[in-house]
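What follows is a short report on a single structure.
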Protein chains: 2
Amino acid sequence: MDVDPNSAAQEAAAFFRAAPPLRDRGRVAASLAAFVARHSTGNGGVVCVTSGGTTVPLEQRCVRYIDNFSSGQRGAASTEYFLKAGYAVIFIHRRGSKQPYCRFLPEDSFLDFFELGEDSEIQVPQSHSTVVKAAISNYRKAIDEGLLLKLPFTTIFEYLQLLQMVATSMNCLGHRGMLYLAAAVSDFYVPWESMAKHKIESAGGPLNMQLSQVPKMLFILRKNWAPSAFCVSFKLETDPNILLQKAETALKKYGMNVVVANELANYKDTVVMVTSNGRRTVSRNSKEDDLEEQLTDLLVKMHSEHITQPNSEDHQKWTS
Amino acid sequence: MDVDPNSAAQEAAAFFRAAPPLRDRGRVAASLAAFVARHSTGNGGVVCVTSGGTTVPLEQRCVRYIDNFSSGQRGAASTEYFLKAGYAVIFIHRRGSKQPYCRFLPEDSFLDFFELGEDSEIQVPQSHSTVVKAAISNYRKAIDEGLLLKLPFTTIFEYLQLLQMVATSMNCLGHRGMLYLAAAVSDFYVPWESMAKHKIESAGGPLNMQLSQVPKMLFILRKNWAPSAFCVSFKLETDPNILLQKAETALKKYGMNVVVANELANYKDTVVMVTSNGRRTVSRNSKEDDLEEQLTDLLVKMHSEHITQPNSEDHQKWTS
């Protein structure tokens, strides 16, 4: 079913009108404008990576919310590889999700990674020293060279407002911009005005909830916010039988350049890149490898063609 | 309304029968048994602190879930103060929530806290050095002396199974045991057998969900699992007008020794301890203080009376 442009635009406008306004909007806008301006000249790519799951509050004074499973591993890893490829990265991430260069940390690792030496100086055990040093050094480099801008979100309201701000700011970069939408975004939400004000009481038996559909923002993003950018979206399903069909549909319906199809059971091992020219399976060679290394490598090449020959993509064929 | 013991027991049994079994149950049981055995002699207190929010999966192959807001700050801080007071602590915590001795960490702080020196050695900036050193030293001490057992959970199913295991194991400690139930536990859930197997599809308009009530486990805990322990539960509301009444009701209904009443707007600044002998407000003196220091101090005193004069509590009066 095709999206009706007028009703999609109206639904998006209504969503933003009713959403609680982003805190720190002014500060975010300023740092974003400075970042994009810094990278507006030159030939390098600029990518917006979105990462982690959005929450859907169920109460205005929020105690309960619906969340989407996502550790943020894919977005954090991809950010590292885009930086390595020379991209400037705007990393829109869920608060508390995995961060670039910190992915290697075991859970609750902070204290387990450190010990006090004989003179009470803080030490990292020899076994972890190499990875910790590389992480500190790569992270410092990205920050010091102004190549990484981190913008956090928690709710679906914050996420979509940030995405709109970033995509429209990046529009001035034309084809040099890439949107890499790896965040797990809720399909359903409770509109702010129909939300319970206080914590929902538990005394009255079972709880019935009705959730509305989140407007199809990918369509608006492609059409209005960033029409020239190279757009990569992700589709996650648990049922392999419907996954590729859904990815194909999203590709056409929203005008994406690539839809990356993931299956929950093996998303770390293999994905399928779906484009208008066919499908390409990307698999990692071993458990020690990051799938994101190959994935970003392929996307950087495709994006480079998109920059130099923006109209040639329909003719490019894959042989995978 | 009083709880009917028979139907409460039946509902609890049905919940556990249908719940997906705890992974690593054997390993958890072994470490728990060893911990309790080590502290089964002597006069010291043993407290089970629960912390963080439980999730309610909406799909068996879970992509979406309902979560309860809780950073785990209260549980982590209280654990530190119970350890300082000489208690052995079983810390049942939500994965990824705040951890004892790491509460001071700013978000995503790992890399911001460290730098590489001139000889590429890892350094902590002078400004953070004192707190990081104290944290490492206190944490190591608690672990090395066998005073802290950390058990993680994510879902409501995992949480309640862990709580049952810990409470029943602690029953052999009699009055020396304390349960300090600070976790934010969901009131509603989707029974496993009625849960969607795959990710719920978003194509079909609004989503209607019916959630069942979680059985009143506090009642079962007090009655069957740990009848002699000193039981402290928490009540969080956003509406101050109903908070104390709900705390009073929970106190009587579930036979708690103390219910700590929190209001979402100011739970870090002030709480009310509700007991059968009256109410006592506990407030922190400044933003630099932990409310948990006073709270645990009062509870340790009450628990000490519970140990020496287990039947005298009904006659104890507060003058606050």
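The values are calculated or read from the model by the stated rules, or taken from the named source; none is laboratory data. These figures come from a predicted structure and were not determined experimentally. With ideal geometry, Cβ positions are generated from the backbone for all residues, glycine too; neighbour counts draw on all protein chains shown. All accessible areas refer to the heavy atoms of the entire protein, side chains included, with ligands and DNA or RNA removed. Shrake-Rupley method; radii C 1.70, N 1.55, O 1.52, S 1.80 Å.
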Handout entry: strands (runs of 3 or more DSSP E) fully within the stretch A:223-301 counting 3 or more residues that are away from chain B (no Cβ under 14 Å), more than 21 Å from A:P5 (Cβ to Cβ) and of a type outside the set (S, T, N, Q)
Key = A:270-275, A:278-283
Completion exercise
A:V47 vs (1) open to solvent by 10 Å² or more (accessible area, probe 1.4 Å); (2) more than 13 Å from chain B (Cβ to nearest Cβ); (3) assigned to a strand (DSSP E or B): all pass except (1)
Exercise for the section: Give the residues of the stretch A:95-108 that are facing another protein chain (nearest Cβ under 8 Å) and either farther than 28 Å from A:K84 by Cβ or at pLDDT below 80 (or both), sorted by residue number. Expected result: A:L105, A:E107, A:D108
Problem - Any hit, the stretch A:82-90, residues being within 11 Å of chain B (Cβ to nearest Cβ) and crowded, with 21+ Cβ neighbours inside 10 Å - result: no
Problem - Condition check for A:A142: open to solvent by less than 10 Å² (accessible area, probe 1.4 Å) and farther than 22 Å from A:P57 by Cα - result: yes
Handout entry: Check on B:P215, touching a residue at least 40 places away in the same chain (Cβ under 8 Å) and within 14 Å of chain A (Cβ to nearest Cβ)
Key = yes
Practice task
Might you check whether a residue that is open to solvent by 40 Å² or more (accessible area, probe 1.4 Å), charged (D, E, K, R) and under 17 Å from B:Y81 (Cβ atoms) occurs anywhere in the stretch B:247-259?
Solution key: no
Completion exercise
All-but-one check, B:A142 against (1) more than 20 Å from the chain's Cα centre (by Cα); (2) in contact (Cβ under 8 Å) with a residue 24 or more places away in the chain; (3) more than 8 Å from chain A (Cβ to nearest Cβ), failing number (1)
Handout entry: Residues satisfying the stated conditions in the stretch A:114-133, i.e. closer than 30 Å to A:A88 by Cα, among the hydrophobic types (A, V, I, L, M, F, W, C) and at the interface with another protein chain (Cβ under 10 Å from one of its Cβ atoms)
Key = A:V132
Practice task
Just need a number here: residues in the stretch A:175-189 that are away from chain B (no Cβ under 13 Å), assigned to a loop (DSSP other than H, G, I, E, B) and surrounded by fewer than 24 Cβ atoms within 10 Å (Cβ to Cβ).
Solution key: 0
Problem - Within the stretch B:51-69, tally of residues that are more than 7 Å from chain A (Cβ to nearest Cβ), within 14 Å of B:A184 (Cβ to Cβ) and at pLDDT below 90 - result: 0
Fill in the blank from the handout: Quick count over the stretch A:241-266, residues being in contact (Cβ under 8 Å) with a residue 24 or more places away in the chain, of a type in the set (D, E, K, R) and farther than 13 Å from A:G278 by Cα, is 2
Exercise for the section: For the stretch A:186-200, state whether one or more residues are within 14 Å of the chain's Cα centre (by Cα) and at negative phi. Expected result: yes
